[in-house]
1. How many of the residues in the range 45-76 are in a loop (DSSP other than H, G, I, E, B) and touching a Lys or Arg at 6+ places or on another chain (Cβ under 7 Å)?
2. Give me the residue from the range 1-54 that is without any contact (Cβ under 8 Å) to a residue 60 or more places away in the chain and among the polar types (S, T, N, Q) and, out of that set, nearest to Asp150 (Cα to Cα).
3. Given the residues Ala198, Ala117, which is the only one that is in the same structural domain as Asp45 (by TED's automatic domain parsing) and loosely packed, with under 15 Cβ neighbours inside 10 Å?
4. Out of all the residues in the range 30-62, which are surrounded by 14 or more Cβ atoms within 10 Å (Cβ to Cβ), over 19 Å from the mean Cα position of the chain (by Cα) and not hydrophobic (A, V, I, L, M, F, W, C)?
5. From the list Gln155, Gln224, exactly one residue is among the polar types (S, T, N, Q) and over 30 Å from Cys131 (Cβ atoms). Which is it?
6. Under 6 Å between Cβ atoms, which residue pairs at least 6 apart in sequence (or on different chains) link something in the range 55-82 that is free of Cβ contacts under 8 Å to residues at least 12 places away in the same chain with a partner that is crowded, with 17+ Cβ neighbours inside 10 Å and small (Gly, Ala, Ser)?
7. Take the conditions in a helix (DSSP H, G or I) and over 30 Å from Trp62 (Cβ atoms) and apply them to Phe169. Does it pass?
8. Return the residue satisfying two criteria in turn: it lies in the range 124-174 and is more than 18 Å from the chain's Cα centre (by Cα), surrounded by fewer than 14 Cβ atoms within 10 Å (Cβ to Cβ) and aliphatic (A, V, I, L, M), and of such residues it is farthest from Cys22 (Cα to Cα).
Amino acid sequence: MVTPLGYFDLVETFPKPGCVVCNLVLRDVDHFLDLLLYERVNEPDSHRAFRARRGLCNEHAWQLTRYKGGALGIAILYNATLDEVLNIVEQVPVAMPTAPSGIRRFRNGGADSAGPALAERLEPAMPCLACELRNGSERSYVRVLSEYVDDTQLQDAYRASEGLCLPHFRQVLRLVTNPEQLQLFANIQATIWRKLKADLNEFIEKNDHRRAHEPMGAEGDSWQRAVRRMAGEKGVFGSDPRSA
């Protein structure tokens, strides 16, 4: 059996701060957007994708604006997007004079539903390109983690890391069917979280006026790490926790 590339990505990325899956997903999205702006911006497929999707989602559209020198690429891609939405809007039926009832009706057989129908046509026809890439990468890394739970090298890297965020921990748990592997995986994560909880307790205690003179150590950013470990890294998940 050939070891998947995702395995090596996981082992190499575990030492970095944060959830390994979050970090890899964000890296993959960043690489994809960079490639889109600087190598694929003039490809017809890119233009068709931006037309169908009405550009990118809010999160990834703003991320796109942060790439240095990407203004021209963004202009080209969103020019195609605006072509599409203008084409849709300009096909709206012409309004008839106001009816006695005060209701504006439309020619071509349309009535009060014209507005909602237009809004529906302006909805993205497909998911955001970057979201699709993100979700695919996430599924791949989670699957590899679940399949290599009993691998010694991966275990050692996992133990030495900051662990997974809660959403990705849940995703891996759903794929691990072997009871012994499941217990091992859960124990490693629990040990990591106990260390984080100890840092939080120390941070809380040092904020007591009786210990205010003591300098903060590694526990100083524990409150931020706790947020990231429970919610995941910024930009990885949507606003609905059920999505994880």
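1. 0
2. Thr3
3. Criteria check complete, one pass: Ala117.
4. Arg40, Ser46, His47, Arg51
5. Gln155
6. Filtered contacts from the range 55-82: Ala61/Gly55.
7. So Phe169 fails the test.
8. The residue in question is Ala125.
The values are calculated or read from the model by the stated rules, or taken from the named source; none is laboratory data. All values reported here derive from a predicted model rather than from experimental measurement. Heads up, the Cβs are rebuilt from the backbone with ideal geometry, glycines too, and the neighbour counts pull from every protein chain shown.
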